[in-house]
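Every number here is computed from the coordinates shown, using simple stated rules; none is lab data. Owing to the predicted nature of the structure, the values given are computational and were not obtained by experimental measurement. Here the Cβ positions follow ideal geometry from the backbone for every residue, glycine too, while neighbour counts run over all protein chains shown.
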Amino acid sequence: MVRLSMSAICVLIFIGDIAKADNNFLTGANDIIAVVDEDGDIKASPFNVQFGKKDIWLPRSGHVVSLEVNEKDVPVGMVLDNEGQAYFPTLKSDGSSNRQYRFWSALLGMGNPSPKHRTNSATSSQLSRFGLQMGSNPILYRVTTSSGSIVTTSAVIHLMNNTAKLVVSDIDGTVTKSNIQGMLLPALGLSDWKHDGVVELYRKIANQGYQIVYLTNRAIGQSDMTRKYIYSLAEAPYKMPRGPVLLQIESLLGALQTEVIVGQPEVNKIAALNRVKGLFPENPFISGFGNKAWDILAYKALNINPDMIFSVGEDSILISEGTRIFTNYLDLMERVSIMYPLLNV
């Protein structure tokens, strides 16, 4: 059992109080899962993008966001709201945006459109202009502020067939050995706080044709740091497989409040995974790894076979939710070809 000191409790209460305000200080973006069907039509998960106060100190509402995919400009734009989150305006049928930034409207909080005139989901028509290729497609979001400075953030659009099979993994406490330490230590340069064997296992699952999806309650402003951490992990000769990294769409303090104080992060995870599930004609999720009860709850809500849901302990012992049998990474590695049959990709 974890015991918190009085000072730690006071910090958590403080976080809970101020997380309700606009604390979107950092800039970041979620990766995107795009799915193409037999007719060539593309659907995608939400374009969750945030430009923080650290980078745009001016009122952010109304700033236009230009998009660049695979190092080419695309004729589709987004706009920032008061909290620095980007959206697609729905008033223009061609998906473009010719809005101009107005300082006083943004300062007075008058720049946001009504909910029916904005969305974070791109249409199939807009996605067709992105020039997407199967696999990874780097996307760059670029804002030129009224002061003339240019601010960017990046992510990856992962384009896959609608027959793809996904394996979802939590990060903190699942890839790392601890939720809070796993969130903080990489920021201090201590990036080897991981479970031994997790890299080799995930790589072997990916080699069978499955797409790993990394899902975390870290704040979206930590996206760059989280991707760098995930992709820096290696167990010679294996490297962590690349895949969509999906973070929580709120501030760092809000994410800590959800994870530590409120204790209901499964709500966000279920919502995010259901959005992905809806892109496919049938459930693409066939397995899940997590370390908390809310991870298991989220995976069960997706109707993943309980035998393929694994709870990971700090001692790197795994328990199957369905069979309740204890196992470990080495055992799973030896049975990868049986548990994750080779797919025709």
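Extension gain for the segment Ile150 to Asn162, taken as residue separation times 0.36 nm less the Cα-Cα distance, is 0.7 nm to one decimal. Summing +1 for each Lys or Arg and -1 for each Asp or Glu among the other residues whose beta-carbon sits under 13 angstrom from that of Tyr299 gives -1.
Cβ under 10 Å from Pro284's Cβ, Pro284 left aside: what net charge do those residues give with Lys, Arg +1 and Asp, Glu -1? Value of the local net charge: +1. For the pair the range 282-342 / the range 74-90, the C-alpha centres are spaced 38 Å from each other. Straight-line reach from Lys194: taking Cα to Cα under 16 Å and skipping same-chain neighbours fewer than 8 places apart, the aspartates and glutamates in range are Asp170, Asp172, Glu235, Glu314, Asp315. Here the peptides 306-315, 229-238, 208-217 are ranked by packing, the mean other Cβ count within 10 Å, and the order with the highest first is 208-217, 306-315, 229-238.
Is the C-alpha gyration tensor of the range 122-182 telling us rounded, prolate or oblate? Criteria: a/c under 1.5 is rounded; beyond that, a/b larger than b/c is prolate, otherwise oblate. Oblate shape, in that a/c is at least 1.5 and b/c is the bigger or equal ratio.
In terms of distances greater than 29 angstrom between alpha carbons, the cross-link table entries Lys53/Lys116; Lys54/Lys239; Lys116/Lys300; Lys116/Lys165; Lys54/Lys277; Lys228/Lys292 yield Lys54/Lys239; Lys116/Lys300; Lys116/Lys165; Lys54/Lys277. What the phi angles of the range 43-48 give under the Karplus curve with 6.51, -1.76 and 1.60, with θ = phi - 60°, is a coupling list of 10, 9, 5, x, 8, 8 Hz, glycine and proline written as x.
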